[in-house]
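Following: one structure in structure tokens, then a few remarks.
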Amino acid sequence: MSYFAAVFAQTPHGWLGTEAVLAEAESVDDVADLMREAAVESYGDPVLLLIEENDEWFAVVRLDGEDDPRAYVSAAREDGLGGLFHQLVGDVPDGDAAGDPELLEDLGVDGKRLSDLGERALPGDALLTVAEIAGFGEQFDRLRD
């Protein structure tokens with residue numbers, strides 16, 4: 001399984017990003033804990049996790065404070081990392097978009113745009129677009145290389 005995942009936390013001084021290792025994550029709680037660790041280290045809120053697996057699908061997970069994480073998945077999968085996100089987005093047919101496409105609206109990425117990116121762009125390109133609009137494109141690009 002080939003994937004890229006990065007956590008970005010918004011701080012008073014801008015966005016801080018770090019690559020995320022999800023190999024040991026077995027549940028959504030594990031993912032949320034990883035995101036909370038990034039938030040504590042940076043004092044950031046919101047915290048975003050951007051994931052792309054095998055250049056087939058992408059997911060954006062958002063965590064605000066102690067709230068439960070919310071997610072948008074461009075093409076739901078039951079295998080690999082995709083299985084983790086079924087806990088957040090519910091049961092949907094394999095390959096269909098799922099979750100909350102409006103989770104980034106306050107950061108400038110409206111739901112229609114996110115859905116369109118899921119349908120029309122390669123996952124890495126879609127996430128770069130999301131990162132650029134939200135204001136951390138340079139950090140995302142640096143981590144992705």
Exercise for the section: Please give the number of the condition Leu88 fails out of (1) assigned to a helix (DSSP H, G or I); (2) among the aliphatic types (A, V, I, L, M); (3) without any contact (Cβ under 8 Å) to a residue 24 or more places away in the chain. Expected result: (3)
Practice task
Test Leu103 against the stated conditions and say whether it is under 23 Å from Ser27 (Cβ atoms) and at pLDDT 95 or above.
Solution key: yes
Exercise for the section: Would you confirm whether any residue within the range 16-25 is under 22 Å from Gly108 (Cα atoms), touching a residue at least 40 places away in the same chain (Cβ under 8 Å) and under 14 Å from the mean Cα position of the chain (by Cα)? Expected result: yes
Completion exercise
Per the filter on the range 14-29, residues over 16 Å from Gly82 (Cβ atoms) and modelled with pLDDT under 85 are Glu24
Fill in the blank from the handout: Pairing a residue in the range 65-85 that is modelled with pLDDT of 85 or more with any residue that is part of a loop (DSSP other than H, G, I, E, B) and among the acidic types (Asp, Glu), where Cβ atoms lie under 6 Å and the two sit 6 or more apart in sequence or on different chains, gives Arg70/Asp100; Tyr72/Asp100
Exercise for the section: Would you mind listing the strands (runs of 3 or more DSSP E) fully within the range 1-83 where at least 2 residues are hydroxyl-bearing (Ser, Thr, Tyr), touching a Lys or Arg at 6+ places or on another chain (Cβ under 7 Å) and crowded, with 21+ Cβ neighbours inside 10 Å? Expected result: none
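The values are calculated or read from the model by the stated rules, or taken from the named source; none is laboratory data. This one's a predicted model, so the numbers in the text were calculated from it and none came from an experiment. Counting neighbours? That spans all protein chains shown, and the Cβs are built from the backbone with ideal geometry, glycine included.
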